[in-house]
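Enquirer: Take this structure, written in structure tokens, and hold onto it; I'll ask about it next.
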Amino acid sequence: MMINRHFVLLSFCLMLTGTSKVFAQVPPVQEFIPEVTLDQVIQKDCGAPRPVSVAPDIRLTRSLSASNGAGVISNQTISQQGLTTPSLWFAQDIYGGKLITSWLAYAPTGNEPGRVDMFVNRQYWSLLNYLERYQIVNKFGLVAWDYRYNLRIFNPQGNFLAAYTCGGDVNSPLCRICLDSTVTPAGGRR
């Protein structure tokens, strides 16, 4: 009972002096996380050949169930004529499980290979260590490159996580894996 009386008395004193308003108005301390652009991450972490630094269009992951005229297909796209290229469904079933939430494939243009933007479940990605992440990127990158597509991996918010990029001669390409070093094990940014 004595503790409750002291608390009530302290609360009453704070209310009379207006000090309680000062305590109530103090904003919570938030960690400062600088915005890092996709181009900055790629320039910092990825060697040549570098992945393209065009930001992914996350809206398309929810809306593409059929191929559109722009040459973009998703994991929801089904071809009426034959095999949809690139065909990543089997690899997703074997290697991805619940890790892969969706992907978008952009058709090759001119001399540029196509690209696949893959989106992963942030929670599952954060459970993987560096070697497991590298292994996932390598497996999906090899499958994508079989169709002459480079691979980029993002979290659902569109933050870059990794890439498998090939360049040079199609018959003997130079391929490189890039993992974002600013991503913490919990999936946030440093």
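Enquirer: With Asp146, Asp117, Asp180 as the choices, which residue is open to solvent by less than 30 Å² (accessible area, probe 1.4 Å), modelled with pLDDT of 85 or more and of a type in the set (Asp, Glu)?
Expert: So the residue among Asp146, Asp117, Asp180 that is open to solvent by less than 30 Å² (accessible area, probe 1.4 Å), modelled with pLDDT of 85 or more and of a type in the set (Asp, Glu) is Asp117.
Enquirer: Based on this model, can you work out whether Gly96 counts as open to solvent by less than 20 Å² (accessible area, probe 1.4 Å) and either under 15 Å from the mean Cα position of the chain (by Cα) or among the acidic types (Asp, Glu) (or both)?
Expert: yes
The values are calculated or read from the model by the stated rules, or taken from the named source; none is laboratory data. Keep in mind it's a predicted model, so treat the numbers as computed, not measured. Calculation scope for accessible area: heavy atoms of the full protein, side chains included, ligands and nucleic acids excluded. Shrake-Rupley method; radii C 1.70, N 1.55, O 1.52, S 1.80 Å.
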